[in-house]
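Working notes for the structure below.
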Amino acid sequence: MLAALRGLPRAVWLLGLISLVNDSASELIYPLIPLFLASVLAAGPRALGLIEGIAEATASLLKLVSGVLVDRTRRARPWILAGYGLAGVARPAIALVASWPWLLVLRFADRLGKGLRTSPRDALLAASVAPERRGLAFGVHRGMDNAGAVLGPLLAALLLAIGVPLRHLFLWAGVPGVACMLLALGLREPPATIQPASGGAWRPTRIPVPLRRYLLVVALFTLGNSSNMFLLLRARELGVPQAAVPLLWAAVSAVAALGSAPLSALSDRWGRRGLLLTGYLAYAAVYLAMALLRAGGAWLPGLFAFYGLFLAATEGVEKALVADLAEPGGQGTAFGWFNLTTGVALLPASLVFGWIYQGVSATAAFLFSAACALAAAALLPLVAPGRAPMTGAAA
C-alpha cells in the first residue's frame, strides 16, 4: 500500500492538497448554515431544502458543460482555477446577508464554482493514472478532501467555543480560499494522448449503455440522499449542543479521510460493485437509525462515524467506476453526466426531504431516504460491473 501511494504522480497529490485546503473552507461554514438559517435568518427546514436543492441542482448543468468542453479542448486548468476563485469569494460574503434569499444567491455562487471545476478536476485526475490504479487515486483524493472536512468543523467549533459570533465565522473561510487559488496555479495539463471527443456526447443517447444504466441507479440513490445538513439539524433537535454540531461532522470526515484510500484501493482488486453496495446499505442503516431516534446519547457520535464509512466506501469508488465506463476521449463528458445526474437529483431530494421533515415528521423523512438507498442497492448488482478494468502489468 505504501509503495502504491509513493508511486502516485504529482498531479494526484496536488489535486488532493487543493481539495484539502478548499474543503477546510467549505466545511468551516457547512455545518453552521443550518444554525445560521434558523437562529439568525429565522427560516426553517423548507427554506433549507430549497436553498440546498436549487444551489446544487442548478449548478449541476455547468458540470456537464465544463466536462464536455474539457473533452473538446483537452484543457482542464482554466475551469479549475475559475471554479475555486468563485467559491473563494462567495463563502466569506455570507457574513453580509440579512435574509435567506441572499443566502440562496451566495450558496448558488459557491456551487456554481463547484460546477465549473468538478468535472475538469475529475477528468484531470483520471488522466493522470493507469486504469488499474483509479480506485487508489480517487480514494487518496477523497481522503485528502475529507481531511479538510475535519479541519474546517474543528476550527468552527473552536471559534464558537471562544465566543466568536456566528456571522463572523463566515469571514474566516476567505483565508483558505486564497491559499487554494495559489496552489491551483501550480496545476499542469497532462500530455494529450487522445483526440478530442465528438460533439454527439451532449446527447443522452450517446452515453454508453453500461454508464447509462449506472447513472439510473445513482439517480435513484441520490433521490434519497438529501443534504447532509438535515443530519446536523436532526442532531441538534436530539439535544446535541450547538458548539458540538461541527464536531459531529468532523468525526464523519475523519472516518471518511482515513478509510477512503484503503477502501477505494480494494475496488482496484476486488471490483467496484461490492463496495458501492456496502456503502448504500450503510447509508440506509444510518437513516433508519435517525428515523427511530427519540433522544441523543453517547452513541450518537458513533452513528455519525459509521456514516463516514458510507462516504469512504462510495465517494472514490463511484468516480472510479465512471472512468471505467467512459468512452476513450470522453471522460470529461462522462463525469459531466455523472455530476449532472447527482446534482439534478439533489433538487427533489432536498426539497422532498425538507417538506416531509416539516410537514409530516423527521421519522417519515429519514425513512423515505433509507427506502431509496435500499432500492438502489437492490438494483446495483443488475446494472454495474463487478470488477475494474485490468490493463498493462495488472492484466
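The values are calculated or read from the model by the stated rules, or taken from the named source; none is laboratory data. What you see is a predicted model; the values in this text were computed from it and never measured. Don't worry about glycine lacking a Cβ; one is built from the backbone with ideal geometry, like all the others, and counts go over all protein chains shown. Each accessible area value is taken on the protein alone, full model and side chains, heavy atoms only, with ligands, DNA and RNA left out. Shrake-Rupley method; radii C 1.70, N 1.55, O 1.52, S 1.80 Å.
Which FRET efficiency value, to the nearest 0.05, do you get for Arg46 and Trp270 by plugging their Cβ-Cβ distance into 1/(1 + (r/R0)^6) with R0 = 56 Å?
0.85
Helix 10-29 versus the longest principal axis of the chain: what angle, 0 to 90°, nearest 10, using Cα atoms?
20 degrees
Compute the long axis of helix 174-184 from its Cα atoms, compare it with the longest principal axis of the Cα atoms of the chain, and write down the angle in degrees, 0 to 90, nearest 10.
That works out to roughly 0 degrees.
Using a Gaussian network model of the chain whose springs link C-alpha atoms within less than 10 Å, name the residue from Leu321, Leu216, Leu96 with the highest mean-square fluctuation.
Comparing Leu321, Leu216, Leu96 in the GNM, the peak value goes to Leu96.
If you take every residue apart from Leu311 with its C-beta less than 11 Å away from the C-beta of Leu311, what net charge results, scoring Lys and Arg +1 and Asp and Glu -1?
Residues close to Leu311 contribute a combined charge of -2.
To the nearest 10 square angstrom, how much accessible area does Thr363 have with a 1.4 angstrom probe?
So the heavy atoms of Thr363 present about 30 Å² to solvent.
For the chain, set up a Gaussian network in which alpha carbons nearer than 10 Å are linked by springs, and say which option among Arg77, Arg294, Arg133 fluctuates the most.
Ranking Arg77, Arg294, Arg133 by mean-square fluctuation puts Arg294 first.
At a probe radius of 1.4 Å, what is the per-residue accessible area of Phe304, in Å² to the nearest 10?
Rounded to the nearest 10, that gives 10 Å².
Please report the relative contact order for the chain, taking Cα pairs under 8 Å with a sequence separation of at least 6, and give it as a percent rounded to a whole number.
Relative contact order here is 30 percent.
Please calculate how many Å² of accessible area the chain carries per residue, with a 1.4 Å probe and no DNA, RNA or ligand atoms counted.
Accessible surface, normalised per residue, equals 38 Å².
With θ set to phi - 60°, apply the Karplus curve 6.51 cos²θ - 1.76 cosθ + 1.60 along the range 300-306 and write out the HN-Hα couplings as whole Hz, x wherever there is a Gly or Pro.
Running phi through 6.51 cos²θ - 1.76 cosθ + 1.60 with θ = phi - 60° gives 4, x, x, 5, 5, 5, 5 Hz.
Arg111: accessible area at probe 1.4 Å, nearest 10 Å²?
20 Å²
With runs of 4+ DSSP H residues as the only contributors, calculate the mean residue ellipticity of the chain at 222 nm using -39,500 (n - 2.57) per run, divided by the residue total and rounded to the nearest 500.
So the calculated ellipticity at 222 nm is -25500 deg cm²/dmol.
For the chain, which whole-number percentage of the solvent-accessible area (1.4 Å probe, protein heavy atoms only) is attributable to carbon and sulfur atoms?
70 percent
When the Karplus curve 6.51 cos²θ - 1.76 cosθ + 1.60 is applied with θ = phi - 60°, which whole-Hz ³J(HN,Hα) does each residue of the range 352-369 get, with x for Gly and Pro?
Values, residue by residue: 5, 4, x, 5, 5, 4, 7, x, 10, 5, 4, 4, 5, 5, 5, 5, 4, 5 Hz.
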